[in-house]
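The values are calculated or read from the model by the stated rules, or taken from the named source; none is laboratory data. Model, not experiment: these values are computed from the prediction. Glycine also receives a Cβ, built like all others from the backbone with ideal geometry; neighbour counts cover every protein chain displayed. What goes into the accessible areas is simple: the full protein's heavy atoms, side chains included, and nothing from ligands, DNA or RNA. Shrake-Rupley method; radii C 1.70, N 1.55, O 1.52, S 1.80 Å.
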Amino acid sequence: MYILTIGAHILVITLVAVDKRLHKPMYVLLANFSMLEVLYTTVTIPKMLDALLTQHKEISSPSCLAQFYFLFGFGASENCLLAVMAYDRYIAICRPLRYSTMMTGRTSISLALGAWVGGLLAAFPPAVWIATLKFCFPNFIDHYFCDVPAMLLLSCADTSARQMIIFTEGSLIVMGPMLFILGSYVLIIRAVLKLRTSKGRRRTFSTCSSHLTVVIFFYTSIIFMYFRPSSLYSAAYDRVISVVYSIIAPMLNPFIYTLRNKEVKNAVKKLIQRGRKGGQKWVKKAEDED
C-alpha cells in the first residue's frame, strides 16, 4: 500500500511537471497536495513497517518528537491546501470570467506556499509543549506513531492545560479551513443550481466532485479521531481510524482525483507513448551499435 501510494502521487507530480497542458492552477495545487501526501505518509509508514518486519519497536525521544512535528505540520498544511483548492473551484465556477486574472500561476504557487509555511509554523508550538513534558516509565506508546493522545498518556505531570491549548489550536487549524470549504461549496452549489440544463449542472459540478470526496473522507476521520469526547477514547479505535486517514486515504486520493479527469488521463497516455518511443529508439540504437 505504501509503494502504491508513493508511486501514484509521484506519477501525478511528474505529469503536472512534464505536460504543459496541466500547467494550470488547479493542477499546480494538486501536485502540491500529492507532494504533501508523499511526505505525510513517509513520516509514519516506513518506521511502522520497520517495527513490523524487524520487531525493533524502539524510537528515540528526538525521533518521536520530530515524527510528531512533521505529522502535525504536514497534516495542517494539507488542511490549508484543501481550503485553497476549494477557493480555486469557487472562482472557476462562480467567477468564471475573472478566473484567469484572479487565479494566475503565480497566485496559485503563492497560495500553495502559504499552506506549506502555515502548516509547519502551526505545528511548532504543540511540538514545544510536548517536548517540555516529563514522561514516566515504561515509555510504551500504544500506537504505531507518536500522536498527541498516546503521548499525553505517558506524561507524569498534569497535562490538562496543555491538552486544552493543543485542542484549541487544533480546532482552529481544522475547523477554520473546514468552515471556509463549507462556505465555498454552499456558493458553488447555489451557482450550479442556477444553470438551466441538467447536463450543464452535472458537467460543472463534476469539476469539483473529486475534491469534495477527498474533503469528506479527510474531515470525517480527523473529527472522529480528535474531536470526540474523552469518555469515548479507545487506543484500539484510534489505531483503526489512524490507518484510515494516514494510510488508506492517501492511497485512494490520487485515484479519486484522476479517474474522472480526462486531462490527466490524456497526460498519462502521452507519457506512456513517450516511454514507448524512447524505448524503441534505445533498442534501435543498441541494434545499430551491434
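Measure nothing fancy, just the Cα-based angle from helix 61-94's long axis to the longest principal axis of the chain, in degrees from 0 to 90, nearest 10.
40 degrees
Check the cysteines of the chain one by one and keep only those with no other cysteine Cβ under 4.7 Å from their own.
Singleton cysteines: C80, C94, C208.
Assign unit charges at the C-beta atoms only (+1 for Lys and Arg, -1 for Asp and Glu), then state the dipole size of the stretch 102-230 relative to its Cα centre in Debye, rounded to the nearest 20.
Once rounded to the nearest 20, the dipole reads 1120 debye.
Compute the acute angle (0 to 90°) between the alpha-carbon long axis of helix 105-122 and the principal axis of greatest extent of the alpha-carbon atoms of the chain; round to the nearest 10°.
10 degrees
Can you tell me the length gained on complete extension of the stretch Y2 to D50, counting 0.36 nm per residue apart and subtracting the Cα distance?
16.0 nm
Label-point separation (nm) for R196 and T107, each offset 7 Å from Cα along Cα-to-Cβ?
With each label point 7 Å from Cα toward Cβ, the separation is 2.9 nm.
Is any residue of the stretch 206-221 close enough, with backbone N under 11 Å, to a label point placed 7 angstrom from the Cα of I248 along the Cα-Cβ axis, and if so, which?
221
Heavy-atom accessible area per residue, the chain, 1.4 Å probe: how many Å²?
Values: 16360 Å² over 290 residues.
Roughly 56 Å² per residue, with all protein chains present.
Can you give me the relative contact order of the chain as a percent, contacts being Cα pairs under 8 Å and 6 or more apart?
It comes to 24 percent, rounded to a whole number.
Once you order the gyration tensor axes a ≥ b ≥ c over the Cα atoms, which shape class does the stretch 160-233 get: rounded for a/c under 1.5, otherwise prolate or oblate by comparing a/b with b/c?
In terms of gyration-tensor shape, prolate.
With axes computed from alpha carbons, what is the tilt in degrees of helix 2-18 against the longest principal axis of the chain, rounded to the nearest 10 within 0 to 90?
So the helix axis and the longest Cα principal axis differ by about 40 degrees.
At a Förster distance of 35 Å, what's the computed FRET efficiency of N266 paired with R95, Cβ-Cβ distance as r, to 0.05?
So, using R0 = 35 Å, E works out to roughly 0.85.
As a check on your grasp of the helix formula, calculate [θ] at 222 nm for the chain: sum -39500 (n - 2.57) over DSSP H runs of n ≥ 4, divide by the residue count, round to the nearest 500.
Value at 222 nm, helices only: -26500 deg cm²/dmol.
Counting only protein heavy atoms and a 1.4 Å probe, tell me what percentage of the stretch 1-155's accessible area is made up of carbon and sulfur.
The value for the stretch 1-155 is 71 percent carbon and sulfur by accessible area.
How would you rank 186-199, 92-105, 24-37, highest first, on the average number of other Cβ atoms within 10 Å across their residues?
24-37, 92-105, 186-199
I need the peptides 120-131, 158-169 ranked by packing, meaning the mean over residues of other C-beta atoms within 10 angstrom, with the highest value on top. Each step should come with its number before you reach the end.
Details: 120-131: 16.3, 158-169: 13.6.
Put in order of decreasing packing, that is 120-131, 158-169.
Which one, (1) 1.04; (2) 1.00; (3) 0.97, gives Rg/Rh (Cα atoms, Kirkwood Rh) as derived from the coordinates shown?
The value computed from this structure is option (1).
Can you give the Kirkwood hydrodynamic radius for the stretch 49-199, in Å, rounded to one decimal and based on Cα pairs?
18.2 Å
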